[in-house]
Amino acid sequence: MSAEMEAIRTAVLEGAPTDDVAGLPLPAAFRAAVVRADEQEMFEGVASADKDPRKSIHIDAIDLPELAPDEAFIAVMASSINFNTVWTSIFEPLPTFGFLKRLGKESVWGARHDQPFHVIGSDAAGVVLRVGSAVRLWKPGDAVTVHCNYVDDQDPSSHDDSMLTANQRIWGFESNYGGLADIALVKANQLMPKPAHLTWEEAAVNGLTNSTSYRMIVSPNGSQMTQGQTVLIWGASGGIGAYAVQYVLNGGGTPVGVVSSPERAALLREMGCDAVIDRKAEGYRFWSDEHTQDPAEWRRFGKKVREVAGTDPDIVFEHPGRQTMGASVFVAKRGGMIITCAATSGFMIEYDNRYLWMNLKTLKGCHFANYREAWEANRLICEGKIHPTLSQVFSLDDVGEAAAQVHHNVHEGKLGVLVLAPEEGLGVTDTEMRERLLPEITRFRRHG
Ligand SMILES: NC(=O)c1ccc[n+]([C@@H]2O[C@H](COP(=O)([O-])OP(=O)(O)OC[C@H]3O[C@@H](n4cnc5c(N)ncnc54)[C@H](OP(=O)(O)O)[C@@H]3O)[C@@H](O)[C@H]2O)c1
């Protein structure tokens with residue numbers, strides 16, 4: 001680590017005031033987790049499951065880019081692994097360099113992103129180092145978390161719901177200079193206050209997945225769950241699922257959590273989710289072969305949902321995609337909604353449309369969260385009403401290993417990454433609140 005970076009780290013750890021942080025020299029280069037353009041074909045012919053993020057993710061020294069007027073540099077204390085870290089590292093469904101090229105053509109500032117490397121990472125918690133000349137509300141020294149909605153707010157299509165803007169991007173996935181690096185480059189409109197009762201690594205894991213689940217469950221742009229509704233949640237102890245469970249419980253609904261082990265089932269029950277289905281123990285085979293689904297298995301699954309929840313689900317929280325969508329459309333209640341934000345097991349989807357139209361169900365697409373939704377989701381974390389789901393912590397050098405764990409579904413909740421933070425447990429400024437909420441905050445860590 002350079003002397004400049006060491007001085008930045010020391011200043012952050014000592015809680016240096018604005019003027020001191022603003023006066024710190026920035027390094028010419030910084031450490032970052034990257035994939036390289038000249039390796040984007042390295043896994044050609046390899047099965048998805050065998051594509052190894054440990055081979056494609058490198059820790060390289062990256063030159064500091066120029067700062068645009070509406071941007072900030074963040075000293076990243078901690079970051080997290082998202083499933084998009086996996087997609088980038090296995091170059092599926094497409095290498096992300098195409099996204100960077102497109103952004104590069106958009107403007108002079110966009111051109112900075114079109115590089116032979118991609119600094120990955122769509123979450124960060126840290127401290128503002130510098131702000132561009134047009135930034136009003138943030139200053140060096142501010143402790144922040146970052147949401148990953150990367151939007152040009154001059155574009156009128158962003159004004160109602162910033163997710164609807166024509167050039168909406170996910171920072172660190174469809175843009176460069178993401179959060180798995182000593183220094184991250186963000187638009188000032190991505191910044192949110194760091195929750196005072198959380199450590200750097202706990203604060204870093206929420207931005208992407210918590211905001212996504214907020215939109216899917218709470219927002220009128222999602223399913224807008226109301227009190228007393230039943231929500232079937234696939235992957236209920238995973239990245240987005242474990243926040244969805246919390247939103248359903250907070251909103252007076254009944255979550256029905258689907259997981260794949262007794263340990264995950266126990267974790268859900270600890271969270272207060274009493275209706276749990278272990279899909280592995282039940283041995284569902286929704287597809288009898290690669291091309292044929294088995295409606296008898298959908299019925300068997302539906303019967304189980306009724307058995308554990310007493311009713312069909314008003315809402316199905318969908319993201320596994322091809323493997324589960326047929327069952328999801330089938331089990332949703334008459335007039336219910338299947339809300340989907342992903343397709344981990346395949347995006348060419350097949351379901352029996354008769355169950356959708358004859359039973360007046362709605363299939364709705366959902367993607368990340370607009371500025372307001374991300375801010376509200378962060379506010380709920382700051383107020384201790386939603387809790388981080390951090391289960392394990394890795395160093396920046398081990399990002400490849402952490403991404404491999406997510407790729408192979410051996411993790412629970414979220415995996416954190418220490419970047420400039422030298423150890424776990426730092427960054428808390430509200431110890432009283434932390435003490436009060438400690439069992440909830442550390443639930444996944446104890447399990448992991
Ligand atoms: N559009 C967006 O804005 C957005 C935002 C966040 C995430 N995503 C996407 O959403 C997906 C999930 O993200 P995540 O962070 O929750 O990932 P995750 O942490 O890996 O959790 C996913 C969970 O889904 C379950 N699962 C995986 N494959 C399955 C299958 N074939 N059938 C049934 N369940 C399966 C697993 O639980 P069990 O094995 O215990 O059942 C796993 O814990 C990813 O594709 C991600 O890219 C999209």
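The values are calculated or read from the model by the stated rules, or taken from the named source; none is laboratory data. Since the model is a prediction, treat every value here as computed from it, not as a measurement. We place every Cβ from the backbone using ideal geometry, glycine too, and count neighbours over all the protein chains shown.
Points worth noting:
- Within region 208-216, not a single residue is out of contact with any His (no Cβ under 8 Å at 6 or more places or on another chain), within 8 Å of the ligand (Cβ to nearest atom), under 20 Å from M192 (Cβ atoms) and part of a loop (DSSP other than H, G, I, E, B).
- Candidates G238, G207: the one that is touching a residue at least 24 places away in the same chain (Cβ under 8 Å), under 12 Å from the mean Cα position of the chain (by Cα) and more than 17 Å from E376 (Cβ to Cβ) is G238.
One line per residue, one yes/no per condition, for (1) crowded, with 24+ Cβ neighbours inside 10 Å; (2) away from the ligand (no atom under 11 Å from the Cβ); (3) modelled with pLDDT of 95 or more:
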residue	(1), (2), (3)
A196	no, yes, yes
E202	yes, yes, yes
V205	yes, no, yes
Q227	no, yes, yes
I233	yes, no, yes
G238	yes, no, yes
P255	yes, yes, yes
S260	no, no, yes
E270	no, yes, yes
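- Residues being over 19 Å from L268 (Cβ atoms), in a helix (DSSP H, G or I) and of a type in the set (V, I, T) - total across region 411-447: 1
- So I277, is it surrounded by 21 or more Cβ atoms within 10 Å (Cβ to Cβ), over 18 Å from I217 (Cα atoms), under 28 Å from the mean Cα position of the chain (by Cα) and at pLDDT 95 or above: yes
Here's the yes/no breakdown for (1) touching a residue at least 60 places away in the same chain (Cβ under 8 Å); (2) under 30 Å from L24 (Cβ atoms):
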| residue | (1), (2) |
| --- | --- |
| V128 | yes, yes |
| R136 | no, yes |
| G141 | yes, yes |
| Y150 | no, yes |
| S157 | no, no |
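- Search result, residues across region 144-175 that are hydrophobic (A, V, I, L, M, F, W, C) and more than 20 Å from the chain's Cα centre (by Cα): A166
- Residue that is surrounded by the most Cβ atoms within 10 Å (Cβ to Cβ), among those in region 374-386 that are more than 14 Å from the chain's Cα centre (by Cα) and in contact (Cβ under 8 Å) with a residue 60 or more places away in the chain: I381
- Filtered by the rule that a residue be of a type in the set (D, E, K, R) and farther than 22 Å from T10 by Cα, region 61-83 gives E66, D70, E71.
- Long-range neighbours under 9 Å by Cβ, at least six apart or interchain, first residue farther than 24 Å from E423 by Cα within region 76-87, second part of a strand (DSSP E or B) and more than 6 Å from the ligand (Cβ to nearest atom): N84/I170
- Flag: M77 matches the condition of being part of a strand (DSSP E or B) and at pLDDT 95 or above.
- Subset of region 328-352 that is more than 16 Å from A296 (Cα to Cα) and not in a loop (DSSP other than H, G, I, E, B) - its residue that is farthest from the ligand (Cβ to nearest atom): M337
- Top-ranked residue in region 401-427 [being surrounded by fewer than 18 Cβ atoms within 10 Å (Cβ to Cβ) and of a type in the set (A, V, I, L, M); ranked as nearest to the ligand (Cβ to nearest atom)]: V410
- In region 254-273, the residues that are free of Cβ contacts under 8 Å to residues at least 12 places away in the same chain form Cβ pairs under 7 Å with partners that are outside any helix (DSSP H, G or I) and more than 9 Å from the ligand (Cβ to nearest atom), at six or more places apart or across chains, as follows: R269/V276.
- Residue within region 148-165 that is farther than 30 Å from T18 by Cβ and in contact with a Pro (Cβ under 9 Å, 6 or more places away or on another chain) present: yes
- Test: residue in region 67-81 that is of a type outside the set (A, V, I, L, M, F, W, C) and exposed (fewer than 15 other Cβ atoms within 10 Å of the Cβ): yes
- M163 satisfies every condition listed in (1) part of a strand (DSSP E or B); (2) within 12 Å of the ligand (Cβ to nearest atom); (3) of a type outside the set (V, I, T) except (1).
- Selection from region 103-117 of residues that are part of a helix (DSSP H, G or I) and in contact (Cβ under 8 Å) with a residue 12 or more places away in the chain: L103, R112, H113
- Of all the numbered requirements in (1) away from the ligand (no atom under 12 Å from the Cβ); (2) closer than 21 Å to T85 by Cβ; (3) crowded, with 24+ Cβ neighbours inside 10 Å, K187 misses one, and that requirement is (3).
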